[in-house]
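The values are calculated or read from the model by the stated rules, or taken from the named source; none is laboratory data. Bear in mind that the values here come from a model prediction, so they are computed numbers and not experimental data. FYI the Cβ positions are ideal-geometry reconstructions off the backbone, even for glycines, and counts take in every protein chain you see. What goes into the accessible areas is simple: the full protein's heavy atoms, side chains included, and nothing from ligands, DNA or RNA. Shrake-Rupley method; radii C 1.70, N 1.55, O 1.52, S 1.80 Å.
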Amino acid sequence: MIQSMTGFGKHVAQLPSKKITIEIKSLNSKSLDLNARIPSAYREKELELRKTIANGLQRGKIDFNLYIESTGTETSSQINEAVVKEYMQQLKNIAEGDNVKHLEMALRLPDAMKTEREEIDAKEYETIQDTLTEALKEIITFRIEEGTVLEQDFKQRITSLENLLEQVIELDYERQTALRERLDKAVSDLKIEVDQNRFEQELIYYLEKYDITEEKVRLANHLTYFTTTINSEDSNGKKLGFISQEIGREINTIGSKANYAPMQQLVVQMKDELEKIKEQMLNVL
């Protein structure tokens with residue numbers, strides 16, 4: 001079972017005087033790249049929240065947003081009366097105007113408002129943790145659903161590669177026969193006597209140079225291993241990526257040794273299928 005790195009999760013919790021909303025979005029990335037936006041009052045809990053997210057999502061470019069909206073009458077900001085009155089007195093001394101005008105100007109000046117630093121409420125933070133857990137469940141469900149689509153696509157393409165490999169295997173005898181005939185014709189065109197034993201030795205050497213038996217076996221094993229890894233319990237995009245590289249190496253070697261147009265055409269098709277697998281692989285957890 002594989003998971004996509006693309007996902008979105010959102011959960012909302014309502015307290016008597018506050019509304020807590022958590023949103024998590026993830027895209028593909030080679031490692032964990034977590035960007036967190038949380039209220040300043042909860043900065044001391046950021047590392048703990050990050051650890052929870054990292055354990056749940058493991059990898060990806062992740063945006064985490066925590067919103068806390070006050071729905072009651074309480075506020076952490078108050079007018080600093082002493083400072084505002086002093087500002088108003090100074091403004092009266094340097095400019096004419098009524099008290100309302102001076103008050104508007106004073107409230108825009110530094111330190112006109114004072115903010116009480118909120119202490120973290122244990123019950124509220126517990127609710128935040130529960131909300132985060134639910135948001136993580138949602139994004140993981142999203143990732144699994146996306147992963148199911150990717151898995152079906154991978155399996156279809158691996159099946160296609162296996163079918164193309166079967167065609168390569170069927171063509172291989174024909175290819176070797178064509179190579180032998182081509183060499184025989186080249187020698188006969190020389191119209192000179194050749195040592196038949198020496199010719200047979202050179203022919204064997206030439207055919208061995210273009211032999212693809214090992215590549216066919218290794219490629220078949222890699223395709224099987226890819227399917228086995230997909231069907232395992234854990235999603236391991238990096239491992240699948242490494243297997244894809246090995247598949248590509250064998251396909252390239254077959255192509256370089258083929259020296260036979262019909263087989264090279266099959267190799268081009270195999271490369272096309274593998275390239276599509278690699279493109280999708282970037283999004284696998």
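Summary table below
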read-out: Selection status of residue 46, without any contact (Cβ under 8 Å) to a residue 12 or more places away in the chain and either of a type in the set (Phe, Trp, Tyr) or farther than 30 Å from residue 103 by Cβ (or both); value: yes
read-out: First in region 128-143 and open to solvent by 20 Å² or more (accessible area, probe 1.4 Å), second anywhere and part of a helix (DSSP H, G or I) and among the acidic types (Asp, Glu), Cβ under 9 Å, 6 or more apart; value: 129/48
read-out: Residue among 233, 273, 246 that is at negative phi and in a loop (DSSP other than H, G, I, E, B); value: 233
read-out: Residues of region 204-230 classified as part of a helix (DSSP H, G or I), free of Cβ contacts under 8 Å to residues at least 60 places away in the same chain, of a type in the set (Val, Ile, Thr) and open to solvent by less than 40 Å² (accessible area, probe 1.4 Å), total; value: 1
read-out: Residue list for region 259-270, filter: assigned to a helix (DSSP H, G or I), touching a residue at least 24 places away in the same chain (Cβ under 8 Å) and open to solvent by 40 Å² or more (accessible area, probe 1.4 Å); value: 262, 269
read-out: Cβ pairs under 6 Å, 6+ apart, first in region 233-252 and over 17 Å from residue 169 (Cα atoms), second among the polar types (S, T, N, Q) and not in a helix (DSSP H, G or I); value: 235/3
read-out: Some residue of region 131-152 being within 22 Å of residue 255 (Cα to Cα) and assigned to a helix (DSSP H, G or I); value: no
read-out: Meets criteria (farther than 26 Å from residue 146 by Cβ, among the polar types (S, T, N, Q) and at pLDDT below 95) for residue 264; value: yes
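Conditions tested, residue by residue: (1) at pLDDT 90 or above; (2) closer than 24 Å to residue 43 by Cα; (3) in contact with a Leu (Cβ under 6 Å, 6 or more places away or on another chain); (4) of a type in the set (D, E, K, R).
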| position | (1), (2), (3), (4) |
| --- | --- |
| 95 | no, no, no, no |
| 102 | no, no, yes, no |
| 108 | no, no, no, yes |
| 147 | yes, no, no, no |
